[in-house]
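Let me begin by presenting the structure, written as structure tokens, before commenting on it.
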């Protein structure tokens, strides 16, 4: 019976985490599309760097809130202090897992589940950042004059002769 309770809590926490992550990513995508539409020609290297800092910061805060979700459960059922609950949650979510604080036997399966969930959520975040970087690179290439654009059809010898 205890395993069924653990599994139910794990499913609930994973679904809440995934919902939070998906909502945060959807909001970031919506914001990015609106931002890129407004700043179509003004996206230079400095602007790109600042955008990446903003996106990374929002994503980082999103992951902290997700770890806090798990920490809230741990504080409610497993630990006496918020510090211990948050420490254990962030160590599990980030897959560091020091082992100096452990869950009771009743809830110990939640730690590995949180770790797998954290890896998945971080992977989703990295994929979004990768998509943004790809967009920024392609945008910069579109703004280059034709003479400065790389021509993959030219051989190495043609490139050397023309320069």
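I'd like the residue in the stretch 65-83 that is surrounded by fewer than 15 Cβ atoms within 10 Å (Cβ to Cβ) and assigned to a helix (DSSP H, G or I) and, out of all such residues, is nearest to the chain's Cα centre (by Cα). Selected residue: 65. Quick one: would you say residue 8 is loosely packed, with under 11 Cβ neighbours inside 10 Å, farther than 18 Å from residue 136 by Cα and without any contact (Cβ under 8 Å) to a residue 12 or more places away in the chain? Judged against the criteria, residue 8 is a match. Could you list, in sequence order, the residues of the stretch 23-43 that are exposed (fewer than 13 other Cβ atoms within 10 Å of the Cβ) and in contact (Cβ under 8 Å) with a residue 24 or more places away in the chain? Correct list: 41 only.
Residue check, residue 136 against (1) at pLDDT below 95; (2) over 17 Å from residue 49 (Cβ atoms); (3) surrounded by 15 or more Cβ atoms within 10 Å (Cβ to Cβ), all met but one. Which one? Result: residue 136 fails condition (2) only. Residues considered: 55, 86. Of these, the only one that is modelled with pLDDT of 95 or more, surrounded by 10 or more Cβ atoms within 10 Å (Cβ to Cβ) and part of a helix (DSSP H, G or I) is 86.
The values are calculated or read from the model by the stated rules, or taken from the named source; none is laboratory data. From a predicted model like this one, the values you see are computed outputs, not experimental measurements. When we count neighbours, we look across all protein chains shown, and the Cβ atoms used for this are built from the backbone with ideal geometry, even at glycine.
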